[in-house]
Amino acid sequence: DDDAVLERQATDLYGVLSDLIRIYQFRDRDRICCHDLSVSQCHALEALVRHGPMTMNELAGFLYVDKSTTSRVVDALQRKKLLRREPHPEDGRALRLVASSAGEQRMSAILHSIIEQEKRLIADFDPEVRTAMIDLLGKLARSAADRVTVAGGICCCNG
């Protein structure tokens, strides 16, 4: 029965992804803490380095958290001189968040460490398998992102 197969596969996918995400979160946390950043601060800084300047609302949406959480993360990064707020070129009332040179350097060091570990992790896979993994995980991430509520989400028990 197709419904039973889909149910089993969805359950299996959830289990495998939960394990992978948990492992990566702890691995990344252990790599990131050496650079005096929390995981949330690292995600925010990485977003600004990879995607360029953003408003607070854009960053909150990108991180899938509410604006108040983003504000606390941004304040901490600014205190550490890893980002700066500057006037938005198109909206005089808004500010843009921009990674500082020190922020870019810190992110580069973190990514170097993580990429070196990724290389060791995937080295034993054939190049075609690595490419297929990247493509498949990218499609899965985009599909999941299309179905998630930005700005902190809505509790399914209250919505």
Let me check against my output: what whole-number percent is the relative contact order of the chain, with C-alpha pairs under 8 Å and at least 6 apart? 24
Determine the order of H88, H112 by accessible area, beginning with the largest, at a probe radius of 1.4 Å. H112, H88
With all protein chains in place and a 1.4 Å probe, S108 shows an accessible area in Å² (nearest 10) of 70
I'm a student and want to see the number: the projected area of the Cα convex hull of the chain, averaged over all directions, in nm². 12.7
Can you give the accessible area of K139 in Å² (nearest 10), computed on protein heavy atoms with a 1.4 Å probe? 130
Difference of contour (0.36 nm per residue) and Cα-Cα distance, A144 to Y64: 27.6 nm
Most mobile of I110, I32, I134 per a Gaussian network model of the chain (Cα springs, under 10 Å)? I134
Volume per residue of the C-alpha convex hull in the stretch 56-130, rounded to whole Å³: 143
For D126 and I23, extending 7 Å from Cα along the Cα-Cβ vector and measuring point to point gives, in nm, a value of 2.2
Residues of the stretch 6-33 with amide N under 12 Å of a point placed 7 Å along Cα→Cβ from I114: 24-33
Options A76, H43, M107, ranked by Cα towards positive dipole end of the stretch 31-159, top entry (Cβ charges): A76
Could you work out [θ]222 nm for the chain from helices alone, using -39500 (n - 2.57) per DSSP H run of at least four and dividing by all its residues? Round to the nearest 500 deg cm²/dmol. -23000 deg cm²/dmol
Solvent exposure, largest accessible area first (probe 1.4 Å, DNA, RNA and ligands not counted), of E118, E58: E58, E118
In the full protein assembly as shown, how much of F26 is accessible to a 1.4 Å probe, in Å² to the nearest 10? 100
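The values are calculated or read from the model by the stated rules, or taken from the named source; none is laboratory data. In this text the structure is predicted, and so the values were computed from the model without any measurement. For neighbour counting, all protein chains shown are included, and Cβ atoms are generated from backbone atoms with ideal geometry for every residue, glycine included. Note: accessible area is taken over every heavy atom of the protein model, side chains too, but ligands, DNA and RNA are not part of it. Shrake-Rupley method; radii C 1.70, N 1.55, O 1.52, S 1.80 Å.
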